[in-house]
Amino acid sequence: MRIGELLIMNGIIMEKQLKQALQLQQIQSNKKIGELLINSGDITERQLVEVLEFQLGIPVINMAEAKFEESIIHQIQEATAREYNLIPVEQKNGVIKLAMVDPLNHEAIKQCEKETGMTVQPHIATRTEVEQAITKYYGTKQLIEDINRIIQAAVEKKAKYIHFTPEEDELVIKFQIGDKVILQKAIPKDAQQTMIDRIKIMSGLNVTNRSLPQEGKLHIQKDHQQIDLNISILPTINGENIQARILNYSEASLTISELGLTTENFHIIDRLVQQKSGMLFIAGPPNSGQSSTLYALLNHLHTGESNVISLEDPVEHRIKGVTQVEVNTRIGLKLSEAIPFALKRNPDIIMIDDVNSRACLELTAQAAWPGRLLICGSQAYSAVHAIRRMIGLGIDKQMLSSAIIGVIAQRLVPRVCKHCAQTMTATDEEIKNFENHNLVNIDAEKNGSKSMIGNFRTYVSAQLSGKMTVVRGSGCQVCNHSGYYGSIGIHEVLQIDQKLKQLILQSLPDPDLELYLKEQAYKTMLYDGLLKAREGLTTVEEVLKVVH
Ligand SMILES: [Zn+2]
């Protein structure tokens, strides 16, 4: 049965309308009858595809509900898609599903099978839908390049996050570098939605859903290296806000010597972990570089023979040879449930990125008994605070004091940009801070760090003045005129000796603890930060922002 007759039979058109269309076809012989009926307004596109489905036995595809596999779009060339009005939707077992305006076009099918090497399974879709999809998925080469450029710039600037923030009149793009948020560029409001949609498509998210939060992953290639981003979408009154977290692979291959530890701290930590027994905590608020330290310690300890398991929420970087398990309630595996499973595999080292409850702490402490090292993250502000927090959670103090071997606490501070560093006379405030911490005269070589002197001319003239000097970035293109580039860790390392174990049993009474730390000449994060400021690696101002 012909399409016209089917339309009449279904009561969609009357004979008169078909006759008119057939007459028109005599003049426009290249047009199909269905198309002419749509043009004259006699039928809708939807009615046509439904009748075609019936007539041809080829299924209709609802493009609004179809889940496009972004990765397969480019298996068919843009020119082919445009010429034949088709677009690939999904692929499975060597079969590629195409949405086609004319599913009987054998030439088109042959061409697509040639390009993809797969069997084509044609589906019918309306012309408008297919054209819209082609514009959306292909007509955006420039946009994809723009987005890639933004991501690459963020990686080069060592940003941790890219924020796409829709405001009332524009879409603002900001980089978060260390704890600084720097405006990168603004995009006109009318281009906002296409960019957000594109990022969502690239991240495998639902483009049509604009009212619910979504999470996905985005990958791009740069210099033969894959950059991965965690994408989080939050709808706001001005449009969808996108937070892209850059997962830096080089972070996962960090060595312990790259963390910016002083020689003294490096040796303390090395001694602690070489015991290969007990619990070591890495403390710090979010974004304080903890995960770098956790990964660096794993790299330091993992020799290939040891059995290492990590329990992470989420797994941020892959480490070769380490059994990495993702734990969080979202995927239905709780940390407290994962620990016993991990123990059954008899690991030498377990890394847990955040031990956050009494139950988990006790499981961890128990696991540390038989010559096994546990390296655990803790969201505490200082080494002492980490222990107080555990006591506050109600952990058995006997258990804690027996298992714990040390706490490293840390923060990240912006690093002075070496491209525009200038030596300057220290302010009175800076001098006071250095004096209070006995940092007027320092021996950089002994500290294991290389002092920065910045611009040599400014260094010499400052030296000639005979005054105490510091280093500041004057701002340049490289550092986005901020004077800082990248970040550096500041640390404190608390070794737990017999005396401290006793103090833990007594819940760390304040005066005793203070006296003990004084006797030990304990070096706080503040000291470490000021030392690094004295060495010209950061500034007093930035250190005082994160520790007091
Ligand atoms: Zn600079």
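The values are calculated or read from the model by the stated rules, or taken from the named source; none is laboratory data. Everything quoted here is computed from the prediction, not taken from an experiment. Quick reminder, even Gly has a Cβ in these numbers, built from the backbone with ideal geometry, and neighbours come from all protein chains shown. Ligands, DNA and RNA are excluded from the accessible area calculation, which covers all protein heavy atoms including side chains. Shrake-Rupley method; radii C 1.70, N 1.55, O 1.52, S 1.80 Å.
Values as computed for the structure displayed
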read-out: Residue match in segment 127-140 (condition: part of a helix (DSSP H, G or I), of a type in the set (Asp, Glu) and within 26 Å of LYS92 (Cα to Cα)); value: yes
read-out: Residue check, LYS160 of a type in the set (Lys, Arg) and either without any contact (Cβ under 8 Å) to a residue 40 or more places away in the chain or touching an Asp or Glu at 6+ places or on another chain (Cβ under 7 Å) (or both); value: no
read-out: Lone unmet requirement of (1) surrounded by fewer than 18 Cβ atoms within 10 Å (Cβ to Cβ); (2) at pLDDT 90 or above; (3) under 14 Å from the mean Cα position of the chain (by Cα) for GLN152; value: (2)
read-out: Single residue of segment 294-309 satisfying the filter (of a type outside the set (A, V, I, L, M, F, W, C) and in contact with a Ser or Thr (Cβ under 7 Å, 6 or more places away or on another chain)) that is farthest from ILE268 (Cα to Cα); value: ASN299
read-out: Total residues in segment 84-126, condition open to solvent by 70 Å² or more (accessible area, probe 1.4 Å) and in a strand (DSSP E or B); value: 3
read-out: Output for segment 307-323, where each listed residue is free of Cβ contacts under 8 Å to residues at least 12 places away in the same chain and either buried (at least 21 other Cβ atoms within 10 Å of the Cβ) or of a type outside the set (Val, Ile, Thr) (or both); value: LYS320
read-out: Conditions (1) in a strand (DSSP E or B); (2) small (Gly, Ala, Ser); (3) open to solvent by 40 Å² or more (accessible area, probe 1.4 Å): number failed by GLY486; value: (3)
